[in-house]
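The values are calculated or read from the model by the stated rules, or taken from the named source; none is laboratory data. Being a predicted model, the structure only gives us computed values, none of them experimental. Cβ sites come from the backbone with ideal geometry, for glycine too, and all protein chains shown count toward neighbours. To get the accessible areas, we keep the full protein, side chains included, count just its heavy atoms, and leave off ligands, DNA and RNA. Shrake-Rupley method; radii C 1.70, N 1.55, O 1.52, S 1.80 Å.
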Amino acid sequence: MNVLITGGSGYLGQFLVHGLAGQGYTVHYAYGSRQLASAPPGVVAHKVDLATGEGLQEAFDQAPFHAVINCAAISQPAVCENSPDTARAVNVPSHLVDCLLRQEQVRAGLRAVLVHISTDQVYDGSRAHWKEDEAGGQVNVYGRTKYEAETHILSRLPEPYPVAILRSSIIYGPPAPDPVPRPLFLQFVASAVSNPDKPTSFFQDEYRSPVHVRDLQRITELLIAAHGQQLASEAAAAAAAARGGGQAAEAAAVPARALEALAPEALAAVAARRHRVFNAGGPERLSRVDMARQVADCLGCGYDSIESVPSASVARGVVSPPDISMDVSRLQSDLGYSPAAFRDAIKDILQPPATK
Ligand SMILES: NC(=O)c1ccc[n+]([C@@H]2O[C@H](COP(=O)([O-])OP(=O)(O)OC[C@H]3O[C@@H](n4cnc5c(N)ncnc54)[C@H](OP(=O)(O)O)[C@@H]3O)[C@@H](O)[C@H]2O)c1
């Protein structure tokens, strides 16, 4: 089964490249400017510009894709605010959708499932626990372009085209195999709270539902394995009806290692899913001060370096939504998936093995 990961050189993209290659998928990834030094053997790299589409069709010409995961974005709100046209050109993946539709035409109806990574910033931030159908009133360019991306995808790839939009909260996890050119959330907090010489300001009134990168990885794996199985059974049925297609069934087979990692009931839950948009956050509503304190608890370093401040006290050049904590119950009800709690998950990342 062939998978294309756009934004494969970014933080989340790298975990997907390594994880899916390790499970036996044939992985292609697209990068903008940074080809991965750490890519596992057999992984195919494509240099593309998502803003113009340059290089993208060439990637689709090389292989039939059964799954496409779009992690590419201008993901820093301040950068989007300063360059709104570029942000829109990259974040709204119109060229990628063109390629998916063209693939369907030229490869005998082959539909790759599109897993698109969106953001909690599609909500306006005025209250807690947002549900998926409550997006609107985005407060910055980043949120607006990401929401436009969702509506663009859903209107051009209507049902039954397979699409899953994952609205991610702040992603935390271990460092990526190749360094990324920006501070990592958890590592920044850990370094700040453990520096006794310099207190760091954390907002007491900005709430998020931080999500472990491993959870986004697992949810994506579930979605693409379920689609692969669907493609394989469709091709087998076509072959049995003597209309050819045995070849396609083989090409779309989900690797055995990927299936071993998934409980059969998990795949059944995905097959029965009713929705296309999912809040992909952790299970909690945490302020940035809460997160800093939980990191300090984990490191055993006390709260002396944590300065609790209102968000209005710092000028950031971009409006940030105050409360975009999310209701993530649809992950459980539709996909049978429960993401990890922040306090539990950070232990695995921050505590050195010897002290566990
Ligand atoms: N990180 C978070 O906390 C967070 C929170 C909520 C939602 N999200 C969303 O999750 C997704 C992944 O985030 P991330 O943090 O992993 O992103 P990231 O580390 O900032 O990586 C962005 C990726 O997009 C690629 N890219 C940027 N401009 C491009 C262009 N013109 N053409 C082709 N590729 C281009 C970059 O390629 P090069 O680096 O090679 O140029 C890189 O691979 C994004 O959609 C983001 O909006 C992230």
Just to confirm a number: summing +1 for Lys and Arg and -1 for Asp and Glu over residues other than Asp49 whose beta-carbon lies under 15 angstrom from that of Asp49, what do you get? -1
List the residues, sorted by chain then number, that are 5 or more residues from Tyr172 or on another chain and whose placed amide H is less than 5 Å from its amide H. Val211, His212, Val213
Using a cut-off of under 13 Å, list every residue of the range 39-72 whose amide N is near the label point 7 Å from the Cα of Val180 along the Cα-to-beta-carbon line. 71-72
Where the only charges are on Cβ atoms (+1 Lys, Arg; -1 Asp, Glu), what is the dipole of the range 253-330 about its Cα centre, to the nearest 20 debye? 480
Test of understanding: what is the full-extension gain from Ala256 to Asn195, defined as 0.36 nm times their sequence separation minus their Cα-Cα distance? 17.3 nm
Taking Cα pairs under 8 Å and at least six residues apart, what relative contact order does the chain come out at, in percent? 21
Listed residues Gly228, Ala241, Val68: farthest to the positive end of the dipole of the chain (Cβ charges): Ala241
Helix-derived mean residue ellipticity, 222 nm - over the chain, DSSP H n ≥ 4, -39500 (n - 2.57), to 500: -12000 deg cm²/dmol
Cα lying deepest toward the dipole's positive end in the chain, options Gly143, Thr119, Val17, charges on Cβ: Val17
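Magnitude of the Cβ-charge dipole of the chain, K/R +1 and D/E -1, about the Cα centre, nearest 20 debye?
Dipole size: approximately 280 debye.
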For the range 322-336, list residues with backbone N below 11 Å from a point placed 7 Å from the Cα of Ala263 toward its Cβ? 336
Other residues with Cβ under 11 Å from the Cβ of Arg208 give, with Lys and Arg +1 and Asp and Glu -1, a net charge of -3
Under 5 Å from the placed amide H of His116, counting only residues 5+ away or on other chains, we find Asn70, Ala164, Ile165, Leu166
Kindly sort Arg276, Arg88 by accessible area of their heavy atoms, largest first, with the probe set to 1.4 Å. Arg88, Arg276
Within the range 13-133, what whole-number % of the accessible surface is contributed by carbon and sulfur, with the 1.4 Å probe and all protein chains included in the calculation? 48
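Considering only DSSP beta bridges with both partners in the range 1-151, what is the antiparallel share in %, to the nearest 5?
Just about 5 percent of them are antiparallel.
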Packing-wise, with mean Cβ within 10 Å as the measure, how do 265-272, 28-35, 213-220 rank, highest first? 213-220, 28-35, 265-272
Hey, can you grab everything whose amide H is under 5 Å from the amide H of Ala280? Only 5+ residues off in sequence or another chain; H modelled, so Pro and N-termini drop out. Arg167, Ser168, Ser169
Interatomic Cα distance distribution for the chain, bins of 20 angstrom, percent: 29, 58, 12, 1
Quick one: which of 154-163, 68-77 comes out on top by average Cβ neighbours within 10 Å, and what's the full order, highest first? 68-77, 154-163
For the range 278-294 and the range 6-39, what is the centre-to-centre distance using only Cα atoms, to the nearest Å? 27
How high is the relative contact order of the range 192-329, in percent, counting Cα pairs under 8 Å that sit 6 or more residues apart? 50
